[in-house]
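The values are calculated or read from the model by the stated rules, or taken from the named source; none is laboratory data. Not measured: the values here are computed from a predicted model. We place every Cβ from the backbone using ideal geometry, glycine too, and count neighbours over all the protein chains shown.
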Amino acid sequence: MRSLRRMLVLWSLIACTSGCFITGQATGEHTEWRKMVASPEQFGMRAETVSIVSGDGINLRALWITADSVARATVVLAHGQGGNRSYMLSRADFLVRHGYNAVVLDLRDCGESGGTYTTPGYMEAEDVLAGVRYAKLRQPGMPVAILGHSAGAVAVLHAGRSRDVAAIVADAPFASYREMMKRVSAMVQRDSTATRGDKLGMKVLVIPGMMAFAEWVFRLQTGVSISPNRADARAAVHRLAGAPVLFIAGDRDSIATLAGVRELYEEMAPGSMKRLVILPTSHNTFAPPRRSEYEAATLDFLSAAIHPIR
């Protein structure tokens, strides 16, 4: 009996420590999330830094970049986990050159934005919708599209519940964040540059029940529930308000797998305007060898999706 109690105490300590370690990857200050890796000037763009407020009251920073020619629409761009607005500037560049204004967001707890936690795209939808509202106020009557990569793609799918969204580009969204984390854990175990602490933490993550426990710890820390039935992109595609969607997938993507992206595409309501573009890439679908294909597919989709609204 005493040994059983000791085992239970030991397991509780391990679970609590592991849960806090796991949620620590999504909460608090992470300097790498704040560091800018590029500037608008590097792309020949002039940007205005603006302040907006998310639907749940978090102060956000973003860049407003005016189209090089007469604007056809505005596109709100959302980066992936651990990034910031600078990671989306190369995408903003081709959009601006082809007649689209850009709102390039620092999502919560990233770049220059406020906030103390991130989620796998679920709460970031509030940030994307704040960007949509800003664009609508700045240029009333102008259609607004949203484009996100990875967790940002999940965010734009959740934000697609708004009828203010004219079109959605979901670039490498993962259908289930739990399944995605299992794949990331396996990648970390194979990564020779990963620390022992990272490998141990990611190994603990895939222990049965540990992910659910970490979600519980996260809810205690933040007040936000990220259970799969609410937060997964699978749930988001069933709540879309009718905006056309372009899904972009890399056929060698081990994070947002082609099968997962195809599942989201097929889960959309029958009769919806949707496209699926598959590129021979990994998770970085905008890698230079295939960048022209990405640009052409996105511009063609935006033109087809937005033109009937004008």
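For the list (1) aliphatic (A, V, I, L, M); (2) crowded, with 17+ Cβ neighbours inside 10 Å; (3) at pLDDT 65 or above; (4) assigned to a helix (DSSP H, G or I), I need the number of the one condition that Val188 fails.
Result: Val188 fails condition (3) only.
For region 124-162, what are the residues that are of a type outside the set (D, E, K, R), farther than 23 Å from Thr27 by Cα and either outside any helix (DSSP H, G or I) or without any contact (Cβ under 8 Å) to a residue 12 or more places away in the chain (or both)?
Matches in region 124-162: Leu137, Gln139, Pro140, Gly141, Met142, Pro143, Val144, Ala145, Ile146, Leu147, Gly160, Ser162.
Within region 151-158, does at least one residue satisfy the condition of being closer than 13 Å to Val75 by Cβ and either at pLDDT 95 or above or surrounded by fewer than 24 Cβ atoms within 10 Å (Cβ to Cβ) (or both)?
yes
For region 63-101, name all the residues that are surrounded by 22 or more Cβ atoms within 10 Å (Cβ to Cβ) and over 24 Å from Thr119 (Cα atoms).
Ile65, Ala73, Thr74, Leu95, Val96, Tyr100, Asn101
Can you go through Ala304, Ala287, Ala297, Ala231 and tell me which one is without any contact (Cβ under 8 Å) to a residue 12 or more places away in the chain and among the hydrophobic types (A, V, I, L, M, F, W, C)?
Of the residues listed, the single one that is without any contact (Cβ under 8 Å) to a residue 12 or more places away in the chain and among the hydrophobic types (A, V, I, L, M, F, W, C) is Ala287.
For a quick check of your reading: which helices (runs of 4 or more DSSP H) sit entirely within region 204-261 and have at least 1 residues that are β-branched (Val, Ile, Thr) and either under 25 Å from Tyr117 (Cα atoms) or more than 15 Å from the chain's Cα centre (by Cα) (or both)?
210-222, 233-237
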